[in-house]
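One structure below.
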Amino acid sequence: MTAGAQGLPGVAMFDYGADPAAPDYDPGDPAVWRGAHPTAGVAFPLSVLEHEWAVRVDDAAFERAYLNVWPRPSDVVAAAGLDLTAWRAAAAPAVTAARVGAVAFDVAGDRSAASIAVAGWDADAARVVVEVVDARPGVAWLADTVRTISRRYRGARLVADSLVAAAAVSELTRAGLVVTPVGAADHARACGALVDRLAAGTLTHRAQAVLDDAVIGAARRPLGDAWLWSRARSGVDISPLVAVTLAAWTAAIAAPRGRPAVIVAPAAPESSRTIRGPLGTRRAVTGR
C-alpha cells in the first residue's frame, strides 16, 4: 500500500477501498460499505457487515478488514504513543550513522522471530539514526549473527531485553561478548526517550517496511507512571521496534562523535610572582 501510494516504479496498485479523506467518509455508514467492499450485498447481505461493525474491537480494525483503509491512526497506535505523521517525517532512507554506538537485539514473545538494530549519531551529531540490520523468523540464527555484527561495529555497546532475550544473552556472554541486559525500568525510559526524540525531530530512521509494520501494530503496557512496549498486546511482531528503541536510547546517552566532553574544575585562589629570565619578565599565576 505504501509503495503503491508513493508511485514507486515496478509497483501496480489496485485500491477499491474507501477514501478516509472524503468529507462524507463514515466507517459505520452502509453506503460507504457498498461503495468500498466489492462483495457487500452480492456475496453476502449487508447485515453481515452490520454485525461486524457492532462487535468490532475498534474502528481501525473494521476499516482495515472491510474498507481497505490502511494505515490509519487508531486506538492501538495512539496507545503506543507514536505519532504516525511524525514517524513518516522522520524517514530518511539515505541517512546513515557516522559511527554506530549501539547494537541491540530482541526476540518475539513466542520466540517466532528476532531482530537486530543499530543506532548512532549522524554526521552533524544532531540526530540519532536507527536501522534494523536483520530480522528473521526463529531465534536459532540470532547469536551467530549478533557476533558477526558486533565485529563489524567494534566499540558499539551491545544491549538486549533482560527477560525475553535471556537465552541469547547467556550464549553470547559465554562466547566472550559483553551484553548489557535492559530491565523493565530502563525499557520504559528508552520508550519515553524514543517518543521525545521523535517529537523533537532528533531521531531519523531508514523507512524500512519491517520497522514501519512494527510501529503501526505496536501497543504498550503501563509500568507505574510510565509505559513500555507490549509484545502480548501488539498485533504484530514488534521485535524490530523494541530493538530500535533500545539501540537509540543506548546510542543517545553516549557522547556523539565530534562533541568532546568538557570538564570544568573549580578555580583555586590565585597567587602571583614575577619571574625574570632569558625571555624577559613574566608574571606567573599559580593556585595556593
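Before moving on, here are some points about what is shown:
- Likely footprinting exposure, Trp121, Trp227, fewest C-beta neighbours within 10 Å first: Trp227, Trp121
- Phe44, Phe105, Phe14, Phe62 arranged by Cβ crowding within 10 Å, fewest neighbours leading: Phe14, Phe44, Phe62, Phe105
- Exposure proxy ranking, count of Cβ atoms within 10 Å, fewest first, for His51, His187: His51, His187
- Placing +1 on the Cβ of every Lys and Arg and -1 on the Cβ of every Asp and Glu, with no other charges, gives the stretch 15-72 a dipole of roughly 160 debye about its Cα centre.
- Computed over the stretch 68-178, the range of Cα coordinates on each principal axis works out to 46, 38, 21 Å, biggest value leading.
- Relative contact order of the stretch 84-252, pairs being alpha-carbon contacts under 8 Å that are 6 or more residues apart, as %: 32 percent
- log₁₀ of I(q)/I(0) at q = 0.24, 0.29 Å⁻¹ - the stretch 2-72, Debye sum with one point per alpha carbon: -1.09, -1.39
Readers should treat all values here as calculations from the given coordinates under stated rules, not as data from a laboratory. On a predicted model such as this, the values are computed, not experimentally measured, just so you know. When we count neighbours, we look across all protein chains shown, and the Cβ atoms used for this are built from the backbone with ideal geometry, even at glycine.
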